[in-house]
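Q: Structure provided below as structure tokens; questions to follow.
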Number of protein chains: 2
Amino acid sequence: MTEITLLNKHKLFNGEQRRYQHYSHFNHCNMTFSIYLPSRALQGYALPVIYCLAGLTCTDENFSIKSGAQRFAAEWGIVLVMPDTSPRGAEVANADSYSLGQGAGFYLNATQQPWAQHYQMYDYVVTELPELIEKHFPVTSQRSLCGHSMGGHGALMIALKNPQRYLTASAFAPIAHPMNSAWGKEAFSTYLGNNQAEWAAYDSTELIQLYPPSLPILIDQGSVDEFYPEQLHPQDFIVAAKSKGANIRYHLREHYDHSYYFVSTFIESHISFHAEAFGL
Amino acid sequence: MTEITLLNKHKLFNGEQRRYQHYSHFNHCNMTFSIYLPSRALQGYALPVIYCLAGLTCTDENFSIKSGAQRFAAEWGIVLVMPDTSPRGAEVANADSYSLGQGAGFYLNATQQPWAQHYQMYDYVVTELPELIEKHFPVTSQRSLCGHSMGGHGALMIALKNPQRYLTASAFAPIAHPMNSAWGKEAFSTYLGNNQAEWAAYDSTELIQLYPPSLPILIDQGSVDEFYPEQLHPQDFIVAAKSKGANIRYHLREHYDHSYYFVSTFIESHISFHAEAFGL
């Protein structure tokens, strides 16, 4: 009856990087997540949490291994949670495309078959995983979201839909207007069907016009990111956000691309941004 | 007649992470290396270089992606060069073991067939690659070595054999006494044959007794590293080094393991150690 099973752990910046598996009642399959616990959490002190959402093709390990975030989480005393990007397993529907199916859950609740059976990543990330984290680890109810690419879409979209649950959201190269991108159209039509009103419920640029957020948002975008012109459209989100008076900081970073090298360069400023909102 | 071919580049900490391919005249095959150039190098200022040697199964990318070293190389103004760990290719001899053949060159010059044809990693790392780097990039003749596991063996061994070429050496969890480890015995007998006098020429614990170094050496070792008791034997090296009055700093890090999470925790101190020797 173990609810979460430890797969491995590594001491890191005087804290611990751990990987767990558990059964997800929303996704109807086993899910894996990683968590970074600073030393103070290991001593039992409750700390705030940043949920770190990864992009297409990623697992919980990409952000864990490549972002360098733990150095700053250790300094500030913040727990990091890295979820997987989709349900996984032989019994879980999949697609031949890297931008659909396993590794490409888009942080939404699918309504179309065969996807609806397992692809309930919105409920998983917003409800089920935080309940597990808050039950098993010393964390406060202070939560924020950070994401990269598809995970940037997830971070912005989830924060806009749940401003009472999150203090801040930050994104690297987010798919900020998925209804205006080939990736988003493919995913939304496949997972949600053809009713574009349902798509808009997961589109940050649409959402921010309906629910102008009070929470601060930070976005970094690389200027030579190959996906910037066609897939990401952060400028659509920024224009919509500014028209609603939202609290947005946006940086277009000259000559940076879409990789984790870009993320690792600016992760310190994102962790500091969340730390400030946590009152650290 | 391009001597080195750029495979890709990424802006990183205001400098560039690049990956190159070139033909190696020692290894008789194409080799790949990665290099991190801080912004001042991109502006043409000559900077010192740390050669970063990776461990078993690694390529030039493991240290590049996982160590977090570039943040501190950028701060100090140091070029990092990440070589591959062996010759590669369909025409290059290989073995079924992860600790032999491609990915396991042990930074030596093989004398036994079929290995001798391509496995000339000692000459490659000591001579050929620095010549290429010093020809194509703005670097000074200040060089140092840093390595992890098999790469820690390489860093210590190469520095001890070439104290005039390197200012410092540092190692994470080095195979510090390969003649006393299963990995080392397997590699040395396969690549060098059965004459143990030839093995000793590549064994840091043997070398330091013959050539007590004046250059400073830094070693970090995790206390729960699964390879520490049987394969690494840093204590053999430390005892030999101290008996010769060598300038060694050794840290046994409680509860750290063999992974790059351990490396990334202490990489800042290693880069600072080299920076001090460079006079930065």
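The values are calculated or read from the model by the stated rules, or taken from the named source; none is laboratory data. Values in this document were obtained by computation on a predicted structure and should not be read as measured data. Cβ coordinates were reconstructed from backbone atoms using ideal geometry, including for glycine residues, and neighbour counts include every protein chain displayed.
Q: Of the residues that make up the stretch A:101-108, is at least one surrounded by 24 or more Cβ atoms within 10 Å (Cβ to Cβ), among the hydrophobic types (A, V, I, L, M, F, W, C), on the phi > 0 side of the Ramachandran plot and not in a strand (DSSP E or B)?
A: Checked the stretch A:101-108: at least one residue is surrounded by 24 or more Cβ atoms within 10 Å (Cβ to Cβ), among the hydrophobic types (A, V, I, L, M, F, W, C), on the phi > 0 side of the Ramachandran plot and not in a strand (DSSP E or B).
Q: Something else: With respect to residue B:171, determine if the residue is part of a strand (DSSP E or B) and either closer than 19 Å to residue B:221 by Cα or touching a residue at least 40 places away in the same chain (Cβ under 8 Å) (or both). Outline the logic, then answer.
A: Values: part of a strand (DSSP E or B): yes; either closer than 19 Å to residue B:221 by Cα or touching a residue at least 40 places away in the same chain (Cβ under 8 Å) (or both): yes.
Yes; evaluated as a whole, the condition is true for this residue.
Q: Another one. Quick check on my filter: what residues within the stretch A:242-272 are within 16 Å of residue A:145 (Cβ to Cβ) and more than 14 Å from chain B (Cβ to nearest Cβ)?
A: A:246, A:247, A:248, A:249, A:270, A:272 - these are the residues of the stretch A:242-272 that are within 16 Å of residue A:145 (Cβ to Cβ) and more than 14 Å from chain B (Cβ to nearest Cβ).
Q: Let me ask something additional. How many residues does the stretch A:28-44 hold that are surrounded by 22 or more Cβ atoms within 10 Å (Cβ to Cβ) and either within 12 Å of chain B (Cβ to nearest Cβ) or at pLDDT below 95 (or both)? Step through it out loud before you land on a result.
A: First, the residues of the stretch A:28-44 that are surrounded by 22 or more Cβ atoms within 10 Å (Cβ to Cβ): A:31, A:33-38, A:41.
Next, from what is left, pick out any that are either within 12 Å of chain B (Cβ to nearest Cβ) or at pLDDT below 95 (or both): A:34, A:36.
Within the stretch A:28-44, residues that are surrounded by 22 or more Cβ atoms within 10 Å (Cβ to Cβ) and either within 12 Å of chain B (Cβ to nearest Cβ) or at pLDDT below 95 (or both) number 2.
Q: Got a sec? Which of A:275, A:187, A:200 is closer than 21 Å to residue A:126 by Cβ, surrounded by 19 or more Cβ atoms within 10 Å (Cβ to Cβ) and more than 14 Å from chain B (Cβ to nearest Cβ)?
A: On the way: A:275 fails: closer than 21 Å to residue A:126 by Cβ; A:200 fails: surrounded by 19 or more Cβ atoms within 10 Å (Cβ to Cβ).
So the residue among A:275, A:187, A:200 that is closer than 21 Å to residue A:126 by Cβ, surrounded by 19 or more Cβ atoms within 10 Å (Cβ to Cβ) and more than 14 Å from chain B (Cβ to nearest Cβ) is A:187.
Q: Name every residue in the stretch B:8-27 that is away from chain A (no Cβ under 14 Å) and not hydroxyl-bearing (Ser, Thr, Tyr), in order of residue number. First the steps, then the outcome.
A: First, pick out the residues of the stretch B:8-27 that are away from chain A (no Cβ under 14 Å): B:20-27.
B:21, B:22, B:25, B:26, B:27 - these are the residues of the stretch B:8-27 that are away from chain A (no Cβ under 14 Å) and not hydroxyl-bearing (Ser, Thr, Tyr).
Q: Considering the stretch A:60-95 alone, what residues qualify as being farther than 23 Å from residue A:109 by Cβ, more than 14 Å from every other protein chain (Cβ to nearest Cβ) and in a loop (DSSP other than H, G, I, E, B)? Talk me through it step by step, then tell me what you get.
A: Going through the stretch A:60-95, the residues farther than 23 Å from residue A:109 by Cβ turn out to be A:61-62, A:64-80.
Checking the rest, the ones that are also more than 14 Å from every other protein chain (Cβ to nearest Cβ) come to A:76-79.
Scanning the stretch A:60-95 gives A:77, A:78.
Q: So how many residues does the stretch B:9-27 have that are buried (at least 23 other Cβ atoms within 10 Å of the Cβ) and assigned to a loop (DSSP other than H, G, I, E, B)?
A: 1
Q: So, one more: Please determine, by comparing only the residues of the stretch B:28-44 that are part of a strand (DSSP E or B) and without any contact (Cβ under 8 Å) to a residue 60 or more places away in the chain, which one is farthest from residue B:134 (Cα to Cα). Quick ask: steps written out before the conclusion?
A: At the first step, the residues of the stretch B:28-44 found to be part of a strand (DSSP E or B) are B:29-37.
Applying the additional criterion that residues be without any contact (Cβ under 8 Å) to a residue 60 or more places away in the chain yields B:30, B:32, B:34, B:36.
On the way: B:30: 19, B:32: 16, B:34: 14, B:36: 14 Å.
Taking the candidates together, the pick is B:30.
Q: Any residue in the stretch B:206-223 that is over 14 Å from residue B:153 (Cα atoms), without any contact (Cβ under 8 Å) to a residue 12 or more places away in the chain and not hydroxyl-bearing (Ser, Thr, Tyr)?
A: Looking for residues that are over 14 Å from residue B:153 (Cα atoms), without any contact (Cβ under 8 Å) to a residue 12 or more places away in the chain and not hydroxyl-bearing (Ser, Thr, Tyr), one finds at least one in the stretch B:206-223, hence yes.
Q: If you don't mind, there's one more thing I want to ask. Output the residue which, of all residues in the stretch B:148-168 that are buried (at least 22 other Cβ atoms within 10 Å of the Cβ) and in a loop (DSSP other than H, G, I, E, B), is nearest to the chain's Cα centre (by Cα). Before you say what the answer is, go through the steps one by one.
A: Taking the stretch B:148-168 first, the residues buried (at least 22 other Cβ atoms within 10 Å of the Cβ) are B:148-160, B:166, B:168.
Subsequent filtering for residues that are in a loop (DSSP other than H, G, I, E, B) retains B:149, B:166.
Working: B:149: 9, B:166: 12 Å.
Among residues in the stretch B:148-168 that are buried (at least 22 other Cβ atoms within 10 Å of the Cβ) and in a loop (DSSP other than H, G, I, E, B), the one nearest to the chain's Cα centre (by Cα) is B:149.
Q: Can you name the residue in the stretch B:45-59 that is in a strand (DSSP E or B) and β-branched (Val, Ile, Thr) and, of all such residues, is surrounded by the fewest Cβ atoms within 10 Å (Cβ to Cβ)?
A: Looking only at the stretch B:45-59, we keep the residues that are in a strand (DSSP E or B), and these are B:47-53.
From what is left, the residues that are β-branched (Val, Ile, Thr) are B:49-50.
Details: B:49: 26, B:50: 30.
Out of the qualifying residues, it is B:49.
Q: Here are some conditions: (1) at negative phi; (2) touching a Leu at 6+ places or on another chain (Cβ under 8 Å). Residue A:136 meets all but one. Which one does it not meet?
A: (2)
Q: Considering only the stretch B:227-271, state which residues are out of contact with any strand residue (DSSP E or B) (no Cβ under 9 Å at 6 or more places or on another chain) and loosely packed, with under 15 Cβ neighbours inside 10 Å. Give the derivation first.
A: Of the residues in the stretch B:227-271, the ones out of contact with any strand residue (DSSP E or B) (no Cβ under 9 Å at 6 or more places or on another chain) are B:227, B:229-231, B:233, B:236, B:239-240, B:243-245, B:268.
Listed by number, the residues that qualify are B:229, B:230, B:239, B:243, B:244, B:245.
Q: Quick check on the stretch A:65-75. Is at least one of its residues under 24 Å from residue A:28 (Cα atoms) and either among the acidic types (Asp, Glu) or touching a Leu at 6+ places or on another chain (Cβ under 9 Å) (or both)?
A: Kept after step one, since they are under 24 Å from residue A:28 (Cα atoms), are these residues of the stretch A:65-75: none.
There is no residue in the stretch A:65-75 that is under 24 Å from residue A:28 (Cα atoms) and either among the acidic types (Asp, Glu) or touching a Leu at 6+ places or on another chain (Cβ under 9 Å) (or both).
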